[in-house]
Amino acid sequence: MKKILLTVLSIPILMSCSDSKKQEQADEAFETYTIEQFYENVSYYGGAFSPDESKLLVGNNSTGVFNAYEIDLASGTETALTQSDSNSIWAVSYFPEDERILYQSDNDGDEIDHIYVRQTDGTVEDLTPVEGAKANFMKWQRDNKSFLFTSNQREPRFFDLYEMDLETFSPGMLYQNDMGLDISAVSVDKRYLALVKNITTSKSEMHLFDRETDELTQLSPAGAEATFSPQFFSLDGEFLYYLTNLDDEFTYLSRYNMSSGATEKVFGTNWDVWYAYHTHNEKYRIIGINADGRTEIKIFDLASGEEVAFPEMPGKDIKGVNVSDSETLVRLTVGSSKSPNDIYLYNFETGSLEKLTDALNPDINAGHLVDAEVIRYESYDGLEIPSIYYKPKNASADNKAPALVWVHGGPGGQSRVGYFSLIQYLVNHGYAILAVNNRGSSGYGKTFYEMDNQKHGDVDLKDCVAAKEYLAGLEYIDGEKIGIIGGSYGGYMVMAALTFEPEVFEAGVNIFGVTNWLRTLRSIPPYWESFREALYDEMGNPNTEDSVRLYNISPLFHADQVTKPLMVLQGANDPRVLQVESDEIVEAVKANDVPVVYELYPDEGHGFVKKENEIKGYGRIKEFLDEYLKGEKEG
């Protein structure tokens, strides 16, 4: 192959002197904004190129729910392709040879996604109409005649592999998944499937299935204490690329030689490699790294092996990239803690960079918002806990601020540097926020990740208590006005804190959090079957003697200990944390004669996606905190 040298042109994106002065002035005298203004921001996702590379297919929520749009790259014009006013639409891709599109959508957050085709005349057809079955797009075939997808229509617990013919839209099964393995990658010729068996949340097996011989071969070492995540097969079928942390603290990219059976480490660093893929004709290798709560992107020229220079964006992070099939154009997703993600177009050949979207509400001055800061504090046993910190602009020793400990979802999630309107809204109104990555969080090595296994409600809670103590020690924080907030697993941590450490936090906001582990672990969706035993290994099996510990760490059964004000938000269609979880904890805490605010949304699932509900629910979070944490009751 030819050695290709790429030159990046100089791009004038540094702030001018006048811009710097404006920033300084904004920092000195900032404005506060309403919840409506914060949710007038536009959230963008995706960015798939049309076959002729003249357009990008994206999604945004400018209408209140997510719809599909296309951006004309010559004019910058953005045109709506769908007009849903209820269910969010998640655009997948244009068809390989025309401008029909595929998208996925569920029903008000129930997570039962179907795959739809939108014809160029606007008509829509559900390609996977089996009621109650969940379908997931996987990839287009190289001959442009079909696409692969998985579905649990045959057996609700397991996902089989199907191929959808583009002429007839008739699916055919390629692999019947009777063993409940995860289908991760498929070779170009469809002969080989890379499969994963989850043993625990920290241990998995990688298998290779040969469709011609019906042979299943384990590729990962027997008994290895490591995870394996197949990414893709090379175009020539010679290699299977996969991520693993075998014999390493962090995840790295490796490859398996299909002919010799040899394995080879391809790329690693002192952080987790998050994902990796090759561009359409294997000119470039794209690698995403989870570097201390930020996404770091690396692009390598596969002919030379050299890293490709890329434009620098001061104050912003490149979160994701998609390279066109011609391997000339690149869609960049770029954002910061002070600005939602925007979409840029970069040209490898000319070095030109163009911003295509403006996600931040023009009524908001980004200089009035705050930068996220990566910090670490010491927990009860001396362990350093990585966290993301937001300090209000008006906080000082003479104007002490109330504060919140923010806990991410999971278990095993991670708070990362990025934009979240609710966080900036609360910080803009004077609340300091420390988003903790308690032990058990991902992104900091497998030892750290495993530290909370079957110790939930104990060591992770102690990390949150230590976060409160850290905040209280800051001279500009009011140590008597510190609350706790979190969603999903983070919502559980809120309830655990208010229940088992009832005097530590002054108030709590539980966003669809688990309160009864026995029920939650017994009622996980059937399509989580491949992960069930791994989840039981980490949390405990509710059908064994582990049930005693699960009972003991479930706030619902000890809710009489809650003494501080509580707010609960819940989506009625949530398949992960059922509405009854929130119903019961609300009633139990009310029985203590403790102030409780309950916000229930009939058209949401596990996470709010409709702007109307975000504005209402998240706006009421501030009202709740103003009254019960700040002590500023309206009226």
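Just so you know, all these numbers are worked out from the coordinates, no wet-lab data involved. Nothing here was measured: the structure is a model prediction, and the numbers come from that model. Neighbour counts are summed over all protein chains in view; Cβ atoms, including those assigned to glycine, are modelled from backbone coordinates with ideal geometry.
See the values below:
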read-out	value
Angle between the chain longest axis and helix 459-472 axis [Cα atoms, degrees, rounded to 10]	60
Cleavage-rule hits, GluC sites (Glu not before Pro), the range 529-611, DSSP coil, Cβ neighbours within 10 Å at most 13	E545
Euclidean distance between Cα centres, the range 204-242 to the range 429-455, Å	31
Gyration tensor verdict on the range 85-156 (Cα atoms; rounded if a/c is under 1.5, prolate if a/b is larger than b/c, oblate otherwise)	oblate
The range 465-517: proportion of alpha-carbon pairs further apart than 14 angstrom, %	50
Cα long-axis angle, helix 17-28 against the chain (0 to 90 degrees, to the nearest 10)	40
Centroid-to-centroid separation of the range 287-318 and the range 32-53 [C-alpha atoms, Å]	23
Integer Hz, Karplus 6.51/-1.76/1.60 couplings in order for the range 245-256, x for Gly and Pro	10, 4, 6, 8, 6, 10, 6, 9, 8, 9, 9, 10
Residue-by-residue Karplus 3J(HN,Hα) for the range 396-411, coefficients 6.51, -1.76, 1.60, Hz, glycine and proline x	7, 4, 8, 9, 5, 9, x, 9, 10, 8, 9, 10, 6, x, x, x
3J(HN,Hα) from dihedral phi, the range 383-390, Karplus parametrisation 6.51/-1.76/1.60, rounded to Hz, x for glycine, proline	5, 7, 10, x, 8, 10, 10, 10
Surface/4 estimate of mean projected area, convex hull on alpha-carbon atoms of the chain, nm²	29.0
Value of Rg to Rh for the range 382-495 (Rh from inverse mean 1/r over Cα pairs, i.e. Kirkwood)	0.97
DSSP beta bridge pairing in the range 370-630, given as percent antiparallel to the nearest 5	30
Cα centroid separation, the range 357-428 to the range 136-159 (Å)	39
The range 147-194 shape via C-alpha gyration tensor axes, a/c threshold 1.5	oblate
For F239, residues with placed amide H under 5 Å, excluding near neighbours	S234, M258
Structure-based [θ]222 nm, the chain - -39500 (n - 2.57) summed over DSSP H runs of at least 4, per residue, nearest 500	-5000 deg cm²/dmol
DSSP-loop GluC sites (Glu not before Pro) across the range 449-523, with at most 10 other Cβ within 10 angstrom	E475, E503
Helix 611-625 axis, angle to the chain major axis (alpha carbon atoms, nearest 10°)	30
Spatial extent of the range 545-630: Rg and Dmax, with the Cα atoms as the point set, Å	14.3, 44
DSSP-assigned coil residues among chymotrypsin sites (Phe, Trp or Tyr not before Pro) in the range 37-139, each with at most 15 further Cβ atoms within 10 Å	none
R0 of 56 Å, Cβ-Cβ distance R522-E349: FRET efficiency to nearest 0.05	0.50
Straight-distance crosslink candidates among lysines, where the alpha carbon sits under 25 Å from K203 and sequence neighbours closer than 8 are dropped	K265, K446, K455
Inter-label distance for T213 and Q176, nm, one decimal - labels placed 7 Å from Cα along Cα-to-Cβ	2.2
Placed amide H near N510: partners under 5 Å, 5+ positions off or other chain	M567, V568, L569
For the range 370-630, diffusion coefficient by Stokes-Einstein and Kirkwood Rh (Cα), 10 °C, 1.306 mPa s, µm²/s	87
Beta bridge orientation in the chain: antiparallel %, DSSP, nearest 5	80
Long-range amide H partners of L404 with built H, under 5 Å	A432, I433, L434, G483
Mean Cβ neighbour count within 10 Å, used as a protection proxy, ranking 422-431, 379-388 highest first	422-431, 379-388
Charge dipole (debye, nearest 20) of the range 515-635; +1 at Cβ of Lys and Arg, -1 at Cβ of Asp and Glu	140
